[in-house]
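The values are calculated or read from the model by the stated rules, or taken from the named source; none is laboratory data. Keep in mind that what you see is a predicted model, and the values were worked out from it rather than measured. All Cβ positions, glycine included, derive from the backbone under ideal geometry; neighbour counts span all protein chains shown. Just the protein is used for accessible areas: all its heavy atoms, side chains included, with ligands, DNA and RNA removed. Shrake-Rupley method; radii C 1.70, N 1.55, O 1.52, S 1.80 Å.
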Amino acid sequence: MKPKLLLRSLLFLSLLAGLLYTPAAAKVAQPAPRAAGEVTAYDLIVAMNSLRMSNGLPALVEDPVIDAVASATAQTMAANQMSWHIGDVSGRLAASGYGGGSKVWATENFAVGLNQSIDEIMLVWSDASHMLPAVIPAYCNVGAGTAKSANGMTYYILQAAYTSGKSCGEYTSSGTTTSQTGGTTGGGAAAGVSQIIMPVKNATPDADGKVFHVVQAGQSFWSIAIAYKITIKDLKSWNNLPADAILKSGQKLFIPGSNTAGYATPTQPGGIQLGTPDADGRIIHIVQSYQTLSTIAPAYGTTVQNLLALNGLQLDWPLQIGQKLIIDAGNITPSPTLHPLQLLTPASDGKYYHTIHSGETLLWIASYYGVPVGDLMAWNGLSASSIIRSDQKLLLLVTPPATVTPIPAPPTASLEPTNTPPEPTSTPVPASPTPTPASILGAGNGPLLWGGLFILVVVVLGVVVFLYRRSK
């Protein structure tokens with residue numbers, strides 16, 4: 001190959017390599033596909049309408065504004081990993097335009113869990129306060145939304161509402177529904193739900209104490225399971241029915257209960273598992289789903305106000321799932337001889353940092369170091385809604401108090417001659433190591449380094465071509 005052709009080929013290959021090079025950070029992640037069996041907003045609406053119609057009431061009509069508010073609520077709760085409702089659902093719906101200015105009445109159902117099935121969600125909603133949309137005729141419209149939090153938990157929200165002075169069907173928000181599959185049919189019944197659904201009357205135990213339910217026309221697994229407060233899964237498994245079984249009128253179903261051997265009653269939400277004191281006597285409670293300060297405080301024999309003071313909280317701040325609450329501060333006290341700041345070692349930047357330990361709050365940390373909690377938050381860019389976590393480092397822009405050291409007594413005169421030690425010789429200070437390109441750019445600037453090398457290669461090749469042509 002001729003030298004000129006070789007140089008041109010090298011230049012072309014260099015340009016082509018630069019065009020094809022794409023930093024790994026620039027690749028766009030593809031959205032994860034919807035998991036099989038994942039519960040959707042539409043599933044929530046159909047389930048609630050199934051129960052409503054089993055009570056002889058017309059199905060709720062899906063409303064686009066309620067859909068939007070329910071979806072936004074689920075996203076907010078998931079982003080903050082909240083353990084309980086935000087509050088004032090009627091006000092949020094009215095502010096979003098539902099009701100057209102009329103008085104709005106609304107209720108909200110909330111569930112959270114990891115890979116929850118629809119029957120597990122509906123079991124959480126089987127108590128009286130969550131069954132309002134299914135039993136109160138006044139409710140007219142419905143909407144739902146779901147969202148996944150960073151810890152993998154999914155939040156499920158269903159809202160039902162009606163407006164004062166207007167009957168059902170007289171008012172519906174303009175726009176389209178957002179639950180993908182439509183949500184309602186022209187006849188007002190939820191899609192996929194039979195129009196002929198009969199209420200479930202609980203059967204009484206027989207002489208052996210066993211309960212058998214005889215299926216009536218229009219009854220479904222939904223209405224039967226909720227009526228007896230069991231899951232559809234248990235209802236099918238205890239009757240040896242396949243997952244796709246279809247009920248028939250007159251069919252006899254065994255209903256397991258707490259007195260049935262081998263049957264465990266599902267754990268009700270909101271149960272408080274008490275924390276135990278550590279070596280220092282400190283008690284920490286880890287917040288679980290459906291727990292609030294008003295349920296946690298009596299479980300430990302304390303008051304809500306005491307929990308607020310110990311944890312630097314306000315009454316209207318929502319709790320997060322996994323949040324650690326100080327129930328009892330224990331016997332931890334600052335050192336009597338040294339100021340807490342004197343126990344710290346400055347970091348490489350010369351500043352002081354506090355590493356957060358389990359159960360500590362901003363209020364406790366500020367009190368420990370004797371600084372205003374507002375200053376502590378400002379130094380670290382925190383707000384009232386910020387969440388601190390174990391092992392997180394907090395900057396302390398303070399000067400530690402000077403440590404008092406004893407002044408040595410003057411040396412006593414001695415009659416014996418002493419040999420004066422020779423002056424120490426100075427030793428050369430080793431030069432600082434020359435930084436490498438990788439240390440200058442940092443691990444996160446790989447694309448910049450590659451770009452610089454590419455430009456350098458192109459310039460060198462250009463100079464070689466220019467010199468070669470001049471030599472001809």
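Anything in the range 228-252 that is touching a residue at least 40 places away in the same chain (Cβ under 8 Å) and not in a loop (DSSP other than H, G, I, E, B)? List them, or say none.
Residues satisfying the conditions are Ile232, Lys233, Lys252.
Give all pairs with beta carbons closer than 9 Å in which a residue from the range 152-176 that is surrounded by fewer than 19 Cβ atoms within 10 Å (Cβ to Cβ) meets a residue that is at pLDDT below 75; count only pairs at least 6 apart in sequence or on separate chains.
Cβ pairs passing all conditions: Cys168/Gly188; Gly169/Gly188.
Which residue, of Gly91, Gly99, is in contact (Cβ under 8 Å) with a residue 60 or more places away in the chain and open to solvent by less than 40 Å² (accessible area, probe 1.4 Å)?
Gly99
What are the pairs with Cβ atoms under 8 angstrom where one residue, in the range 285-308, is surrounded by fewer than 19 Cβ atoms within 10 Å (Cβ to Cβ) and the other, located anywhere, is among the polar types (S, T, N, Q)? Sequence gap at least six, or different chains.
Listed by first residue and then by second, the contacts come to Ile286/Gln323; Gln288/Ser83; Gln288/Gln273; Tyr290/Ser83; Thr292/Ser83; Val304/Ser294; Leu308/Gln314.
Taking the range 54-72, which residues are of a type outside the set (Asp, Glu) and open to solvent by less than 20 Å² (accessible area, probe 1.4 Å)?
First pass over the range 54-72, keeping only residues of a type outside the set (Asp, Glu): 54-61, 64-66, 68-72.
Residues satisfying the conditions are Ser54, Ala59, Leu60, Pro64, Ile66, Val69, Ala70.
Out of the range 112-161, which residues are in contact with a strand residue (DSSP E or B) (Cβ under 9 Å, 6 or more places away or on another chain), part of a helix (DSSP H, G or I) and more than 17 Å from Leu60 (Cα to Cα)?
Hits for the range 112-161 are Glu120, Ile121, Val124.
Here is a yes/no grid of residues against (1) under 15 Å from Gln159 (Cα atoms); (2) among the polar types (S, T, N, Q):
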| residue | (1), (2) |
| --- | --- |
| Ala68 | yes, no |
| Ser71 | yes, yes |
| Gly99 | yes, no |
| Gly113 | no, no |
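For Pro334, are the conditions met, namely being modelled with pLDDT under 85 and open to solvent by 40 Å² or more (accessible area, probe 1.4 Å)?
Yes; evaluated as a whole, the condition is true for this residue.
On the given criteria, is Ser126 closer than 17 Å to Ala41 by Cα, at pLDDT below 90 and surrounded by 14 or more Cβ atoms within 10 Å (Cβ to Cβ)?
No.
Cβ-Cβ distance below 7 Å, separation of 6 or more or different chains: which pairs start in the range 198-209 with a residue that is loosely packed, with under 11 Cβ neighbours inside 10 Å and end on one that is modelled with pLDDT under 85?
Gly209/Asn259
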